[in-house]
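Visitor: One structure coming up, written as structure tokens, with questions to follow.
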Amino acid sequence: MSTPAPQRQSLVDALRGFALLGILVVNIATFSSTYYGAGVPDPMALSVVERGASFVRTFVFETKFYLLFSFLFGYSFMLQMQAAQRDGKRFAPRMARRLLALWVLGLLHGVLLYHGDILTTYAVIGLALLMLRRCRDVWLLRLAVGLVLTTALLWAGIGYLLVANGIASDTRGAYAEAARALAAYRATPATVIAQHVRELMQIWWITGLVQAPTALAMFFAGFVAGRRGLLEDASAGAHRAFFRRVCVWGLVIGLPGAAVYAWPSVRLDSTIREIYGLSATLLTGPFLAAAYGAGLVLLMQTPRGRGVEAWLAPAGRMALSNYLGQSLVCAWLFLAYGLRWIGTVGPLAATAIAFAIFACQLVLSRWWMRRFVYGPVEWLLRAVTNLALPPMRRGGP
């Protein structure tokens, strides 16, 4: 006889919803400007106010929230293993189908809407977690630490080699490439798709050397936390001392690294300093992401925090739908699919738009989850995973 299904962990959903906000704030920077990540100043971000907004975005949000989201992916991976065990089903085939469907969704997302897609990366490195799921906790944590250290040292080494060889950045080429991309994104839907394909071909190696190894490290950490049920009783006040220590030490270690990363990204007068800053945030970003998560857990252990949890959890329950929905709205606002705002707003306005979009998603998600069991994309993904159509409306069979 199968084990009764436990109650869904609302805290995990709320953390996932919180991570969605940070991811949107970062992603909208790419939608709103072709100068983002180009290594040259954005003409719409030259004032003190706009530079301040850019610094806050880089310091607070960049390279942190996708790590928190990756941790939660690993945690949920463990929960899905437990669900397969309760159902008496083989886990590996179910997860392989799920990862394949995620890869297809990510490919469509990257080509049509947003070239910075993370779903294809999650699908590929998810296979590594699937193959290593039987490893002991200590080995998974050692692998996680090794991945973070190796990635940070790699980028520090790249910075050193650039200095040693006296290689300067191509400022003129960066401006020309940004102008070409801007023209493509404003022209027609066909040129948007062509530009996405072009940029996907150009940035795959950066994804492989930055996001993929650090996300996999957080997969491992989240999987181990799921094994130990770290968040299972957290909303009831369990492990409070542990979360306080994580919050304090995460801020102590993570904030200096975030500052080292954010300062050169605002000045944009030295590619070498940017690379060294990237190395610093790759090393310390997991600590700051952990501090964000632990701080939110501590907040949700308070009466007011439970109200925050009640708003964030529905958005987190349909995180995939909301992630793709964010890209859909941004593509309509900024690209040739709709209003063509790209290149017309600075970091401050773009961040404000991101918060407005997320506020609408909170309301819509709460309305949706009161009526339906799954988000629309989650329903499709679950159907592929289980090879069966799940019920959609609440109160169904």
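Visitor: Calculate one ³J(HN,Hα) per residue across the range 50-55 by plugging θ = phi - 60° into the Karplus curve 6.51 cos²θ - 1.76 cosθ + 1.60, and present them in order as whole Hz with x for glycine and proline.
Guide: 5, 5, x, 5, 5, 5
Visitor: Would you kindly calculate the translational diffusion coefficient of the range 158-297, applying Stokes-Einstein with the Kirkwood radius from alpha carbon pairs, for 25 °C and a viscosity of 0.890 mPa s, and quote it in µm² s⁻¹ without decimals?
Guide: D = 134 µm²/s.
Visitor: How much length, in nm to one decimal, is gained on full extension between residue 370 and residue 171, taken as 0.36 nm per residue of separation minus their Cα-Cα distance?
Guide: 66.5 nm
Visitor: Then there's this: I'd like the orientation of helix 91-112 relative to the chain: the angle between its Cα long axis and the longest Cα principal axis, in ° from 0 to 90, rounded to 10.
Guide: 30 degrees
Visitor: Below 8 Å, C-alpha to C-alpha, sequence gap of six or more: please give me the relative contact order for the chain in percent. Walk me through the intermediate numbers first.
Guide: Values: 555 pairs, mean separation 127.1, N = 397.
32 percent.
Visitor: Now a separate question. May I ask for the Kirkwood hydrodynamic radius of the chain, worked out over all distinct Cα pairs and given in angstroms to one decimal? If you can, show how the numbers build up before the last one.
Guide: Numbers: mean 1/r = 0.0457 Å⁻¹.
About 21.9 Å, per the Kirkwood formula over Cα pairs.
Visitor: Another question, then. Filter the trypsin sites (Lys or Arg not before Pro) in the range 213-303 down to the DSSP loop ones having no more than 16 other Cβ atoms within 10 Å, then list what survives. Walk me through the numbers on the way to the answer.
Guide: Values: sites: 227, 228, 240, 244, 245, 267, 273; in loops: 228.
Answer in residue order: 228.
Visitor: If you don't mind, another one. Based on alpha-carbon positions alone, could you give the equivalent ellipsoid semi-axes of the range 240-397 from the gyration tensor, as √(5λ), descending, whole Å? Provide the component values of the computation, followed by the final result.
Guide: On the way: eigenvalues 221, 127, 49 Å².
Result for the range 240-397: semi-axes of 33, 25, 16 Å.
Visitor: Considering the chain as a Gaussian network with a 10 Å cut-off on Cα pairs, which listed residue, 257, 229, 277, attains the greatest mean-square fluctuation?
Guide: Evaluated over the chain, the most mobile residue of the options is 229.
Visitor: Calculate how steeply helix 319-334 sits against the longest principal axis of the alpha-carbon atoms of the chain, using the helix alpha-carbon long axis, and give the answer as 0 to 90 degrees to the nearest 10.
Guide: Value to nearest ten degrees: 30.
Visitor: Take the Cα atoms of the range 77-193, find their three principal axes, and give me the spread along each one in whole Å, biggest first.
Guide: 60, 43, 15
Visitor: Whose amide H sits under 5 Å from the amide H of residue 372, counting only residues 5 or more places off or on another chain, with H placed in the peptide plane?
Guide: Sorted by chain and number, the residues that satisfy this are 394.
Visitor: In addition: Per DSSP helix of 4 or more residues, -39500 (n - 2.57); summed, then divided by the residues of the chain. What does that give at 222 nm, rounded to the nearest 500?
Guide: Details: 15 runs with 296 residues, N = 397.
Theoretical 222 nm ellipticity from helices: -25500 deg cm²/dmol.
Visitor: Where in the range 53-75 does the amide nitrogen come within less than 20 Å of the point 7 Å from the Cα of residue 132, taken along Cα to Cβ?
Guide: Within reach of a label on residue 132, which here means backbone N under 20 Å from a point 7 Å along Cα→Cβ, the range 53-75 contributes 66-75.
Visitor: Limiting things to C-alpha atoms, what are the Rg and the maximum Cα-Cα separation (Dmax) for the range 7-131, in angstroms?
Guide: That works out to 17.9, 60 Å for Rg and Dmax.
Visitor: Calculate how steeply helix 189-206 sits against the longest principal axis of the alpha-carbon atoms of the chain, using the helix alpha-carbon long axis, and give the answer as 0 to 90 degrees to the nearest 10.
Guide: The two axes meet at around 80 degrees.
Visitor: For residue 383 and residue 111, calculate 0.36 nm times their separation in residues minus their Cα-Cα distance, and state this gained length in nm to one decimal.
Guide: Working: separation 272, 0.36 × 272 = 97.92 nm, distance 2.38 nm.
95.5 nm is the gain from fully extending residue 383 to residue 111.
Visitor: Give me a comma-separated list of calculated 3J(HN,Hα) values for the range 128-137, in order, Karplus coefficients 6.51, -1.76, 1.60 applied at θ = phi - 60°, integers in Hz, x for any Gly or Pro.
Guide: Those phi angles translate into 5, 5, 4, 6, 9, 5, 8, 5, 5, 4 Hz.
None of the figures in this text is laboratory data; all of them are computed from the coordinates on show. Everything numeric here is computed off the predicted structure, so don't read it as measured data. Reconstructed Cβ throughout: ideal geometry from the backbone, glycine too, with neighbour counts over all protein chains shown.
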